[in-house]
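Taking it in order: structure first as structure tokens, then the write-up.
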Amino acid sequence: MKPSMSAKKSTLHTALFLIACGGIFLFLWNAPPETTVRLPHDADHAKYYPMDKKEAEKECQQCHNPEGVALPKDHPPKYRCLFCHKKMEQAGQ
Ligand code: HEC
Ligand code: HEC
């Protein structure tokens, strides 16, 4: 094969590679919002909206414990509550 041909081919491969990367990027970018329930915006939780997440998380288990508002039995590892339970968007976050 002539050098010019293989150069063309590798340009094509590079182009396809970049298109594939772009596709994956767009896919992740457009991924549907996570479905995990969000932090409620009610009397119990409103004060956590303006708070620093790590500070807020220290208080969650005052209510969310087995004697109070227990978490579901199959709840995933629960440190960093707000990493999964995002604040609601309409609250400006
Ligand atoms: C003062 C007590 C209290 C504190 C503190 C508290 N919660 Fe709650 N939480 C509740 C109660 C009561 C419910 C159930 C009723 C409701 O949805 O508000 C609840 C429900 C929830 C739910 C489920 C909502 C739904 O739609 O099912 C999530 C998620 C949650 N809390 C996360 C948190 C996180 C994260 C924190 C810490 C930043 C926190 N809570 C702190 C009392 C509390
Ligand atoms: C690794 C992600 C993750 C973390 C961290 C996490 N949760 Fe959850 N939580 C979930 C998932 C997933 C569910 C199952 C229900 C759902 O689909 O949202 C759930 C369910 C709940 C529910 C019940 C909601 C309902 O309506 O059934 C409460 C309350 C809750 N979590 C509170 C908390 C609190 C408080 C913390 C921190 C101590 C916490 N979670 C940390 C992922 C997480």
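The values are calculated or read from the model by the stated rules, or taken from the named source; none is laboratory data. All values derive from a computational prediction rather than experimental measurement. Don't worry about glycine lacking a Cβ; one is built from the backbone with ideal geometry, like all the others, and counts go over all protein chains shown. In case anyone asks, the SASA skips ligands and DNA or RNA and just uses the protein heavy atoms, side chains included. Shrake-Rupley method; radii C 1.70, N 1.55, O 1.52, S 1.80 Å.
Evaluated at q = 0.12, 0.13 Å⁻¹, the base-10 log of the normalised Debye intensity for the chain, with identical point scatterers placed on the Cα atoms, takes the values -0.57, -0.61. For segment 47-93, the list of GluC sites (Glu not before Pro) that fall in a loop by DSSP and count at most 10 other C-beta atoms within 10 angstrom reads Glu67. The length gained by stretching the chain between Ala20 and Lys58 to full extension, at 0.36 nm per residue less their Cα-Cα distance, is 9.4 nm.
The sum of -39500 (n - 2.57) across all DSSP H runs of n ≥ 4, divided by the residue count of the chain, sets its helix-only mean residue ellipticity at 222 nm to -14500 deg cm²/dmol.
At a threshold of 8 angstrom on Cα-Cα distance, excluding pairs fewer than six apart, so keeping six or more, what relative contact order does the chain reach in percent?
Details: 36 pairs, mean separation 33.1, N = 93.
Answer for the chain is 36 percent.
Ligands, DNA and RNA excluded, the heavy atoms of Lys78 present near 100 Å² of accessible surface to a 1.4 Å solvent probe.
Helix 3-29 and the longest principal axis of the Cα set of the chain meet at an angle near 10°.
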